[in-house]
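Enquirer: Structure in structure tokens, see below.
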Amino acid sequence: MSIGKSGLLNRRVFMGTAAAAGVGLVAAPALAQSTGSVRNNVSSFRMLNWQDYFESTRNGAVLVDITSRALHFWSEDQSVYRLYPTSVPLSEDLTRKGRTEVIQKVVAPPWRPTPSMRERNPEWPDFVPGGSPDNPLGSHALYLSWTYYRIHGTHDTRKIGRKSSNGCIGLYNEHISELFSLAKVGTQVLLI
């Protein structure tokens, strides 16, 4: 496997190796798009070791790296490792870091704006039913022990790889569907 001096994998080598190894990168997007000096949709994919972040993989482990805009998953027996591109919060004040866990799993989750979202965006609807193409939670959601925080899908694929959320971590719907099947209530989560 080709790893450069920075420890980052060459995208072409990574994608080929990941596909051969069965690592979950379904319909992976371009890792970086540049317009002049402004960089958008940036994700630096690098495989990480769970031991650097967790004492064990009991109940599975999810690591969300806000800086690289990537989510890592390790199964309890460590036979499954997945790496997904994500959307992350728009700003530092919306970002929560630390340890939490999955407390609920919901298919076609309904969406309600939080009180702070209503303040910032009073024109938003009070409720969007699950399954609606306008629902910002996409097809599946993992509810975390922190109030209002979720790892969820999105129907707006332009958000992935960007600072675009109001605090949650977003995934492509096909990726959250896979993660939903792998994670369980009690899966430990660390946001760094």
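Enquirer: Identify, by number, the condition in (1) surrounded by fewer than 17 Cβ atoms within 10 Å (Cβ to Cβ); (2) of a type in the set (D, E, K, R); (3) at positive phi that R69 doesn't meet.
Expert: Only one criterion in (1) surrounded by fewer than 17 Cβ atoms within 10 Å (Cβ to Cβ); (2) of a type in the set (D, E, K, R); (3) at positive phi is unmet by R69, namely (1).
Enquirer: Taking the residues in the range 97-120 that are of a type in the set (A, V, I, L, M) and at pLDDT 95 or above as candidates, determine which candidate is surrounded by the fewest Cβ atoms within 10 Å (Cβ to Cβ). Talk me through it step by step, then tell me what you get.
Expert: Taking the range 97-120 and keeping what is of a type in the set (A, V, I, L, M), we get 102-103, 106-108, 117.
Add one more test, that the residue is at pLDDT 95 or above, and what stays is 102-103, 106-108.
Details: V102: 24, I103: 14, V106: 15, V107: 11, A108: 15.
Ranking the candidates gives V107 first.
Enquirer: Tell me yes or no: at least one residue of the range 130-142 is of a type outside the set (S, T, Y), more than 30 Å from E55 (Cβ to Cβ), out of contact with any Leu (no Cβ under 9 Å at 6 or more places or on another chain) and touching a residue at least 40 places away in the same chain (Cβ under 8 Å). So that I can check it myself, show each step before the final result.
Expert: Taking the range 130-142 as the starting set, the residues that turn out to be of a type outside the set (S, T, Y) are 130-131, 133-138, 140-142.
Filter again for more than 30 Å from E55 (Cβ to Cβ), leaving 130-131, 133-138.
Filter once more, keeping what is out of contact with any Leu (no Cβ under 9 Å at 6 or more places or on another chain): 131, 133-137.
Those still in the list that are touching a residue at least 40 places away in the same chain (Cβ under 8 Å) too: none.
The answer is no; no qualifying residue exists.
Enquirer: If you don't mind, there's one more thing I want to ask. Would you call T95 closer than 17 Å to L144 by Cα and among the polar types (S, T, N, Q)?
Expert: On the way: closer than 17 Å to L144 by Cα: yes; among the polar types (S, T, N, Q): yes.
So T95 passes the test.
Enquirer: Return the total of residues in the range 108-124 being closer than 30 Å to S181 by Cα and outside any helix (DSSP H, G or I). Step through it out loud before you land on a result.
Expert: Start the filter on the range 108-124 by keeping residues that are closer than 30 Å to S181 by Cα, which leaves 108-114, 117.
Cutting the leftovers down to outside any helix (DSSP H, G or I) gives us 108-114.
Result for the range 108-124: 7.
Enquirer: Going by the conditions given, is S75 surrounded by fewer than 20 Cβ atoms within 10 Å (Cβ to Cβ) and touching a Leu at 6+ places or on another chain (Cβ under 8 Å)? If you could, list the steps in order and put the result at the bottom.
Expert: Working: surrounded by fewer than 20 Cβ atoms within 10 Å (Cβ to Cβ): yes; touching a Leu at 6+ places or on another chain (Cβ under 8 Å): yes.
So S75 passes the test.
Enquirer: Now for a different question. Quickly run through the range 79-93 and pick out the residues that are surrounded by 13 or more Cβ atoms within 10 Å (Cβ to Cβ) and either in a loop (DSSP other than H, G, I, E, B) or modelled with pLDDT under 95 (or both).
Expert: Result: V80, T86, L90.
The values are calculated or read from the model by the stated rules, or taken from the named source; none is laboratory data. No experiment lies behind these values; they were computed from the predicted model shown. Note: ideal-geometry Cβ built from the backbone for every residue, glycine included; neighbour counts use all protein chains shown.
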